[in-house]
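The values are calculated or read from the model by the stated rules, or taken from the named source; none is laboratory data. Quantities reported herein were computed from a predicted structural model and do not represent experimental measurements. Don't worry about glycine lacking a Cβ; one is built from the backbone with ideal geometry, like all the others, and counts go over all protein chains shown. Ligands, DNA and RNA are excluded from the accessible area calculation, which covers all protein heavy atoms including side chains. Shrake-Rupley method; radii C 1.70, N 1.55, O 1.52, S 1.80 Å.
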Amino acid sequence: MKKKFIAMLFSYVLLLSPSANGAEKITFAISPERNVSELARLWIPVLNELEKISGLELKFETAPNAEQFNQKLKKGGSTIVFVDPYAFSSLLSDHYTALAKPQNPGEENAPLGLVVVHKKSPYKTLDDLGGKSFSFSSAESFSASVLPRFHMQATGIPYKASFARSSMSSVLAVSRGLQDAAGLEASFYHSLPKSLKRNLRIVWTSTPSDLCQGMKNHPFVFAVHKTLSNETAAKLQSALLSLNDSLKGRNLIKQLGFNKIQLAHNQDWTGLKPIALRVLAE
């Protein structure tokens, strides 16, 4: 029954997306930081607006988890992607070209990832969780998994990692006392229903520090596959930037949690690969 429901949900998403008329589309893949239905609700209106601006046809895509999503992208499975900084810098920069990135002025030092525990647990700091069980949404989620695991490795905090099907699964595992802690992407945590959030307490955030060599938080990136023509890539880039120029566009990107969209270049994400690969090699 569960598999049947998931299949029906994916079919529903495809019917809602701007891909329903049968013509060949440019696939637009969104990193699975949230569940499929939530991503569809937030992103399909954005894709519809980008279609109107660019004259291109865009097909919404995602995946159940980061590993499946990244594996597909490494094979060139999508034309334009919106991905986290780890996936772009470590897996995709040889095959994709950065077009744009979200901008939140004054927030480059704000935490991207965090670690939460049950509010009634005795753990007050990350050090208190030495040797305890952690739930992560995936091994390859930069904010929710790579950053906290890198910090624990670098500071010698032992931990037991398990990987859930989604960030929500990690939250529920902590809320129900099945895991001691969970790594989460900051914006996902802030979007949680109050009924869940009130059972959690933050014990660590990924605010940049000397440990991370003064690194600032790197945003997600809009990037296109290098096989796409320069003309089409330019249309997509122009359409993304044009969202800043209308009330409707600004409202759409605000719902995604962005203040605006700005130009980006591949070199904006250099320096992240060694950190990510060190964590994944454990």
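What the table below lists for this structure:
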{"read-out": "Solvent exposure, largest accessible area first (probe 1.4 Å, DNA, RNA and ligands not counted), of Tyr159, Tyr96", "value": "Tyr159, Tyr96"}
{"read-out": "Placed amide H near Arg34: partners under 5 Å, 5+ positions off or other chain", "value": "none"}
{"read-out": "Whole-Hz couplings from phi, Karplus 6.51/-1.76/1.60, listed for the stretch 187-202; x for Gly and Pro", "value": "5, 5, 4, 5, 8, 5, x, 4, 5, 8, 4, 5, 8, 10, 9, 7"}
{"read-out": "Cleavage-rule hits, trypsin sites (Lys or Arg not before Pro), the stretch 169-206, DSSP coil, Cβ neighbours within 10 Å at most 12", "value": "Arg176, Arg198"}
{"read-out": "Within straight-line cross-link reach of Lys25, aspartates and glutamates at Cα separation under 12 Å, skipping those fewer than 8 residues along the same chain", "value": "Glu51, Glu57, Glu61"}
{"read-out": "Amide hydrogen neighbours beyond the local backbone of Leu58, cut-off 5 Å, H modeled", "value": "Ile26"}
{"read-out": "Shape of the stretch 161-208, Cα gyration tensor, a/c cut at 1.5", "value": "rounded"}
{"read-out": "Cα gyration tensor shape for the stretch 57-98, rounded if a/c is under 1.5, else prolate or oblate", "value": "oblate"}
{"read-out": "Loop trypsin sites (Lys or Arg not before Pro), the stretch 28-137, which have at most 13 other Cβ atoms in a 10 Å radius of their Cβ (DSSP)", "value": "Lys75, Lys119, Lys120, Lys124"}
{"read-out": "Within the accessible area of the stretch 152-212 (1.4 Å probe), percent carbon and sulfur", "value": "52 percent"}
{"read-out": "Amide H contacts under 5 Å for Ser206, placed H, 5+ residues apart", "value": "Leu112, Gly113"}
{"read-out": "Prolate/oblate/rounded label for the stretch 32-131 (Cα gyration tensor, a/c 1.5)", "value": "prolate"}
{"read-out": "In order through the stretch 76-85: 3J(HN,Hα) via Karplus (6.51 cos²θ - 1.76 cosθ + 1.60), integer Hz, x for Gly, Pro", "value": "x, x, 9, 7, 10, 10, 10, 10, 6, x"}
{"read-out": "Residue-by-residue Karplus 3J(HN,Hα) for the stretch 151-162, coefficients 6.51, -1.76, 1.60, Hz, glycine and proline x", "value": "4, 5, 4, 5, 9, x, 8, x, 7, 10, 9, 9"}
